[in-house]
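First comes the structure, then the notes that go with it.
The values are calculated or read from the model by the stated rules, or taken from the named source; none is laboratory data. In this text, all values refer to a predicted model and were calculated from it rather than measured experimentally. When we count neighbours, we look across all protein chains shown, and the Cβ atoms used for this are built from the backbone with ideal geometry, even at glycine.
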Number of protein chains: 2
Amino acid sequence: MQLTKFSDYALRVLMYAECAGDRLVTIDEISEAYGISRAHLMKVVNALTRAGFLTAMRGRSGGLKLAKPAHSIVLGDVVRSTETNFDLVECFSTGNHCVITGCCRLPRVLNEALQAFIEVLDGYTLANVALKPKTFAVTTSRSR
Amino acid sequence: MQLTKFSDYALRVLMYAECAGDRLVTIDEISEAYGISRAHLMKVVNALTRAGFLTAMRGRSGGLKLAKPAHSIVLGDVVRSTETNFDLVECFSTGNHCVITGCCRLPRVLNEALQAFIEVLDGYTLANVALKPKTFAVTTSRSR
């Protein structure tokens, strides 16, 4: 059981933006800091912007920043937004062929477990996992 | 976020064996009932037997049955046994390259969420998700 790389990267991008404070950050800079390809990050940043977690400022001196304070960004909401597939087992998905669907009591149990997973993440915000300002010191000073 | 097909099939195999009661069941029969390939089921059944959830009786009239009563088979234990990869994000795995490993507070939060997921499954046994005896009526009568 794993989260997608997309969710993993989304959480890292938000942590990076939080760490930068008021400074606008760029995809190139995040790519360099984490060693994640720019192409991957573009998709992640677009999704985070669309979902209202990041704000993109256009123009030559543009960049990205958190769209709201870190304590208002609930980790459960981020993962709900980025983890589009919570189909724990076959019968949760549209291409389900399991013959016991309908009389099986397992989906209720698995849904309860999934709910418990998300509820823990709902108890934390980006502020709770904030990195120390010096974490990316080398990268950010180079990018200034 | 998904469980592996291996875990999905393992749970189905145990539910099938539970449904059969004292009758020994065969891999062919389970394969036919669920429409899952015999090759896949062989691996699943071997793992469940090794883990002490199933007992395999050898010989011409051999077959499989639960190794212990359904109410003693905890779903959390089954999933812990079959879901070998609980590496929610990159830093949970051995090939981790994330540069913030060590100072990142996300793993603790994700581990707490994972724990909550498993704890729900620890609250249920195979008996709690038992199928009605008639669920596989057509298949089992054909196999007798």
Would a scan of the stretch A:115-129 turn up a residue that is touching a residue at least 40 places away in the same chain (Cβ under 8 Å), over 20 Å from B:E119 (Cβ atoms), surrounded by 17 or more Cβ atoms within 10 Å (Cβ to Cβ) and aliphatic (A, V, I, L, M)?
yes
Test of understanding: among B:A47, B:A39, B:A17, which residue is away from chain A (no Cβ under 12 Å), out of contact with any Asp or Glu (no Cβ under 6 Å at 6 or more places or on another chain), over 22 Å from B:G123 (Cβ atoms) and buried (at least 16 other Cβ atoms within 10 Å of the Cβ)?
B:A47
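Right, B:E90: buried (at least 16 other Cβ atoms within 10 Å of the Cβ), free of Cβ contacts under 8 Å to residues at least 12 places away in the same chain and more than 15 Å from the chain's Cα centre (by Cα) or not? Outline the logic, then answer.
On the way: buried (at least 16 other Cβ atoms within 10 Å of the Cβ): yes; free of Cβ contacts under 8 Å to residues at least 12 places away in the same chain: yes; more than 15 Å from the chain's Cα centre (by Cα): yes.
Criteria met by B:E90.
Quick one: which residue in A:F136, A:F117, A:F92 is within 30 Å of B:T135 (Cα to Cα) and within 13 Å of chain B (Cβ to nearest Cβ)? Can you show your working first?
On the way: A:F136 fails: within 30 Å of B:T135 (Cα to Cα); A:F117 fails: within 30 Å of B:T135 (Cα to Cα).
Selected residue: A:F92, the only one of A:F136, A:F117, A:F92 that is within 30 Å of B:T135 (Cα to Cα) and within 13 Å of chain B (Cβ to nearest Cβ).
Right, B:C103: touching an Asp or Glu at 6+ places or on another chain (Cβ under 7 Å) and within 9 Å of chain A (Cβ to nearest Cβ) or not?
Values: touching an Asp or Glu at 6+ places or on another chain (Cβ under 7 Å): no; within 9 Å of chain A (Cβ to nearest Cβ): yes.
No; evaluated as a whole, the condition is false for this residue.
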With respect to the numbered conditions (1) under 30 Å from A:L110 (Cβ atoms); (2) outside any helix (DSSP H, G or I), which one is the sole condition not fulfilled by A:M15?
(2)
Which condition from (1) at the interface with another protein chain (Cβ under 9 Å from one of its Cβ atoms); (2) more than 30 Å from A:Y9 (Cα to Cα) is the one that B:L66 breaks?
(1)
Have a look at B:D22, B:D8, B:D87, B:D28 and point out the one that is over 30 Å from A:L14 (Cβ atoms), at pLDDT below 95 and in a loop (DSSP other than H, G, I, E, B).
B:D22
Quick check, is A:A127 at the interface with chain B (Cβ under 9 Å from one of its Cβ atoms) and either modelled with pLDDT of 75 or more or not in a helix (DSSP H, G or I) (or both)?
no
Flag if B:A56 is more than 10 Å from chain A (Cβ to nearest Cβ), part of a helix (DSSP H, G or I) and within 20 Å of B:S7 (Cα to Cα)
no
